[in-house]
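Quick one: structure below, then a few questions.
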Amino acid sequence: MSEIKDIHLSGSFPRIDAVQALKHKVYFWQPMSSEFLDTSIEFLKGVGPQRAEALKKELGIFTFGDLLHHFPFRYVDRTKFYTAAEATADLPYIQLKGQIKSLIIKGDKRRKYLIGRFEDSTGGIELKWFQGAKWILSSVKLNTDYILFGKPSEFNGQINIVHPELELASEAATGIASTLQAVYNSTEKLKARGIDSKGILRLQKNLQLIFPTSFPETLSIDILKEHHLVDRKDAFVNIHFPENVQKQKKAEVRIKFEELFFLQLKLLTQKLIRTEKYRGFVFGTVGDYFNRFYTEHLPFPLTEAQKRVIREIRQDCGSGKQMNRLLQGDVGSGKTMVALMCMLIAIDNGYQTSLMAPTEILANQHAESLRGFLGEMGIQIALLTGSTKAAQRRKIHEQLKDGTIQILIGTHALIEDTVQFKKLGFVVIDEQHRFGVEQRSRLWTKSDQPPHVLVMTATPIPRTLAMTLYGDLDVSVIDEMPPGRKLVKTVHRSDSHRLQVWGFLKKEIELGRQVYIVYPLIEESEKVDLKNLQDGYDAICKDFPAPKYRVSILHGRMKAADKDFEMQRFLRKETNILVATTVIEVGVNVPNASVMVIENAERFGLSQLHQLRGRVGRGADQSYCILMTGAKLGNDGRLRIKTMVETNDGFKIAETDLLLRGPGDTEGTRQSGMLDLKLADIAKDQQIVIMARDSGIKLLKEDPHFQAPANQSIREKLKQIMQRAGNWSRIS
Ligand code: ADP
Ligand code: MG
């Protein structure tokens, strides 16, 4: 109880009820009031109103809990000693033991500095102080053992350390210098208020001194035991003040597990709520449309993977539960046909369907190919995009309301409020990573009972990320390409090989093939981008002169009708080369195009490069992807290009992408706001992700409503999280 008394005496800390605290000590896994963690940071010793203000503004630290969750980004090993002979400039920090042999003031009147000579038995290095010379001269003892700590650098071929930390060896034995020392992020403004990394460390220490005896636990004893996790207090102590490396690692695993566990639990619970709350339309029969299409109109035999996925979807839609399924399939694996056949099942059962695409080009293309596939089957298809004329739009709205239209294809225009269906039963969202969570959720309002939803993506997502981003979706995978496809040959060429590349393009064009040349979007300035593209276009027109060659241009700033016009010309083989920005990245299908040239390829992300490459290799011809770069490449750029040259496997590419960029950058995650992770990393902590997910599934199976006393702490924390998530729980 002594700690609690101390807290009372400090005066600035809100009172903790001793009886309550005692109770928690006995039942420590019971939810404790989070009073301690919610205490304003202002009341911590060493903070006060002004620093509190700065901590809030600069680091978002409002409470004790926030400070505890401000984790070190690395540790300095104060147990390891180097020798002077081992000191090199590429070491981040070193700790040495030895003596200072001399101290001399150098420089001129304008700028004086202090030079010291430090030696151990292996050799010596130079120490430098630009400030505080007087104090050093008066306090440092020559020829006495010191422990020295600092960042070595090289100057005039000599190793030196600027402003080293010094500690008398005789005094160091008990100090903080004997453990791993946490290093924290801080900001210039905080440093000006004395809160640098060391300052934060001091605050952490002050906080640890007033930890309540019973620290609020968030996991159950069962889970702690099963995964050999340390308790929460232990974790928070050892993440900031590790006793040793093992304890620090254990603390890290515990905290990462907690983050990932609650994330998974949130997703799993949302899924549970959805299946309990929403009934699904039952597609009981496979009827005339499906069967007629299958026997009379299917232009090619389905791959086994396509058949399997159609079966999976059919099963879902007949189960009485509302389906939310993610369909992953590499570029060109034939997702559209799967979508179409499932829509036919919905139509057979008397429902309307819709197919939403992220761009007008793609929506147009879908409309055309679906019309082509369905031929004279008498199915009513409509296309609704931003450029649909008002009169036509009104007609479509009416026909949706009275149920005439059976398939509606379109862009975002689909989710405008005026669009009302009579009986919408099945929704397909193509290239879903382009859509925000918000947009997807608005589809739900189109009918009282939510339709079945199939989201399709050609950006393969590694398993652990899929678990996290789409943890509440079921996942189907098309892992097989239609037969006869040749792998796209991918090469890397530098700008100095341009003539050869152009020669190759001319040969391909002579064989009747077509070529894409893509320029990157450099987000900082659209004007510059457009100029790059225009300059490139002009140069290409010169190198590929009319009338022998015909070149068209396509970019996002063009009017929809113009874009469509250029796309159609290319599709009809009226132009040989399409110079474009990434507007063609998604889904565009021109089977006769056999070469994809990507300019400044190092500027593109991996998944984008893979998408672009997927625009070729869609016909029977051997296709090529040529990645053009300057001579100089950064490390990441080089690895991206290398990965592209080495593999065509979208999943391998996605894994590399995740490791290179981190999940925060993966398309779709930025807007999802779902990854509230401070310590865990979906890419690097895949094992813990899986552990957390399995643990969540097990818990929900055993105690779906968190009724067991042992699970009350989990329930409390989850409740907070779900409240914060608000309406998002309804979102697919
Ligand atoms: P994605 O999965 O990238 O959306 P698409 O649906 O556009 O791929 O299909 C790519 C091309 O492959 C299209 O021309 C499509 O008609 C064709 N295709 C789809 N399934 C098969 C199949 N089983 N056999 C042959 N070609 C197919
Ligand atoms: Mg597609």
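The values are calculated or read from the model by the stated rules, or taken from the named source; none is laboratory data. What you see is a predicted model, and the numbers here were worked out from it, not measured in a lab. Here the Cβ is made from the backbone with ideal geometry for all residues, glycine too, and neighbour counts use every protein chain on show.
Collect the residues in the stretch 557-583 that are outside any helix (DSSP H, G or I) and surrounded by fewer than 16 Cβ atoms within 10 Å (Cβ to Cβ), keeping them in residue-number order.
Matches in the stretch 557-583: R557, M558, K559, R572, K573, E574.
Next question. Pairs please, first residue from the stretch 64-88 and within 23 Å of T187 (Cα to Cα), second anywhere and crowded, with 18+ Cβ neighbours inside 10 Å and of a type in the set (G, A, S), Cβ atoms under 6 Å, 6+ apart in sequence or on different chains.
Pairs found: P72/A182; Y75/A182.
Related question: So, in the stretch 424-450, exactly how many residues are out of contact with any helix residue (DSSP H, G or I) (no Cβ under 6 Å at 6 or more places or on another chain), modelled with pLDDT of 70 or more and within 12 Å of ligand 2 (Cβ to nearest atom)?
Count: 3.
A further question on this structure: Would you confirm, using the coordinates I've provided, whether K542 is farther than 23 Å from L487 by Cβ, in a helix (DSSP H, G or I) and touching a residue at least 60 places away in the same chain (Cβ under 8 Å)?
In short, no.
Can you tell me which residue is nearest to the chain's Cα centre (by Cα) among those in the stretch 70-95 that are part of a strand (DSSP E or B) and not aliphatic (A, V, I, L, M)?
By that ranking, first place goes to R74.
Turning to a different aspect of this structure: Please pick out the residue among S2, S33, S12 that is over 30 Å from L224 (Cβ atoms), hydroxyl-bearing (S, T, Y) and either surrounded by fewer than 17 Cβ atoms within 10 Å (Cβ to Cβ) or modelled with pLDDT of 95 or more (or both).
After ruling out the rest, the residue left standing is S12.
Can you give me the number of residues within the stretch 620-658 that are buried (at least 17 other Cβ atoms within 10 Å of the Cβ) and closer than 19 Å to K486 by Cβ?
Final tally of qualifying residues: 10.
Regarding the stretch 603-613, can at least one residue be identified that is within 16 Å of ligand 2 (Cβ to nearest atom), among the basic types (K, R) and closer than 27 Å to P482 by Cα?
There is at least one residue in the stretch 603-613 that is within 16 Å of ligand 2 (Cβ to nearest atom), among the basic types (K, R) and closer than 27 Å to P482 by Cα.
Hey, another quick one. Restrict the check to the stretch 326-335 and report whether at least one residue is in contact with a strand residue (DSSP E or B) (Cβ under 8 Å, 6 or more places away or on another chain), within 16 Å of ligand 1 (Cβ to nearest atom) and on the phi > 0 side of the Ramachandran plot.
Yes: one or more hits.
If you go through the stretch 137-156 one residue at a time, how many are under 23 Å from R78 (Cα atoms) and assigned to a strand (DSSP E or B)?
9
Then there's this: Keeping to the stretch 121-136, report how many residues are more than 25 Å from R110 (Cα to Cα) and part of a loop (DSSP other than H, G, I, E, B).
So the count comes out to 2.
A further question follows. Please work out which one of (1) of a type outside the set (V, I, T); (2) more than 16 Å from ligand 1 (Cβ to nearest atom); (3) under 16 Å from F290 (Cα atoms); (4) modelled with pLDDT of 90 or more is the condition H397 fails and give its number.
Looking at each condition in turn, H397 falls short on (3).
Also: Going residue by residue through the stretch 387-398, is there one that turns out to be of a type in the set (D, E) and within 13 Å of ligand 2 (Cβ to nearest atom)?
No - not one qualifying residue is present in the stretch 387-398.
How many of the residues making up the stretch 336-349 are out of contact with any helix residue (DSSP H, G or I) (no Cβ under 8 Å at 6 or more places or on another chain) and within 16 Å of ligand 1 (Cβ to nearest atom)?
Within the stretch 336-349, residues that are out of contact with any helix residue (DSSP H, G or I) (no Cβ under 8 Å at 6 or more places or on another chain) and within 16 Å of ligand 1 (Cβ to nearest atom) number 2.
While we're on this one: How many residues, within the stretch 358-369, are of a type in the set (S, T, Y) and within 11 Å of ligand 2 (Cβ to nearest atom)?
Final tally of qualifying residues: 1.
Just checking: which of the helices (runs of 4 or more DSSP H) contained wholly in the stretch 270-357 hold 3 or more residues that are within 16 Å of ligand 2 (Cβ to nearest atom) and modelled with pLDDT of 95 or more?
304-317, 335-348
So which residues in the stretch 119-168 are of a type in the set (G, A, S), surrounded by 15 or more Cβ atoms within 10 Å (Cβ to Cβ) and more than 45 Å from the chain's Cα centre (by Cα)?
The answer is G124, A133.
What's the number of the condition D316 fails, among (1) touching a Lys or Arg at 6+ places or on another chain (Cβ under 9 Å); (2) within 16 Å of ligand 1 (Cβ to nearest atom); (3) acidic (D, E)?
(2)
Can you name the residue in the stretch 216-243 that is free of Cβ contacts under 8 Å to residues at least 24 places away in the same chain and assigned to a helix (DSSP H, G or I) and, of all such residues, is surrounded by the fewest Cβ atoms within 10 Å (Cβ to Cβ)?
K225
Also, I was wondering about something else. Looking only at residues that are within 16 Å of ligand 2 (Cβ to nearest atom) and hydroxyl-bearing (S, T, Y) in the stretch 451-482, which one is modelled with the highest pLDDT?
Filtering first and then ranking leaves S476.
Among the residues of the stretch 105-113, are any assigned to a strand (DSSP E or B), assigned by TED's automatic domain parsing to the domain that holds F130 and within 35 Å of the chain's Cα centre (by Cα)?
no
I would also like to ask the following. If I filter the stretch 595-612 for residues that are within 16 Å of ligand 1 (Cβ to nearest atom) and either surrounded by fewer than 16 Cβ atoms within 10 Å (Cβ to Cβ) or assigned to a loop (DSSP other than H, G, I, E, B) (or both), do I get at least one hit?
No, every residue in the stretch 595-612 fails to be within 16 Å of ligand 1 (Cβ to nearest atom) and either surrounded by fewer than 16 Cβ atoms within 10 Å (Cβ to Cβ) or assigned to a loop (DSSP other than H, G, I, E, B) (or both).
What is the residue count in the stretch 350-360 for residues that are under 21 Å from I415 (Cα atoms) and more than 13 Å from ligand 1 (Cβ to nearest atom)?
7
Hey, among G98, G116, which residue is part of a strand (DSSP E or B), in contact with a helix residue (DSSP H, G or I) (Cβ under 7 Å, 6 or more places away or on another chain) and closer than 22 Å to G157 by Cβ?
It is G98.
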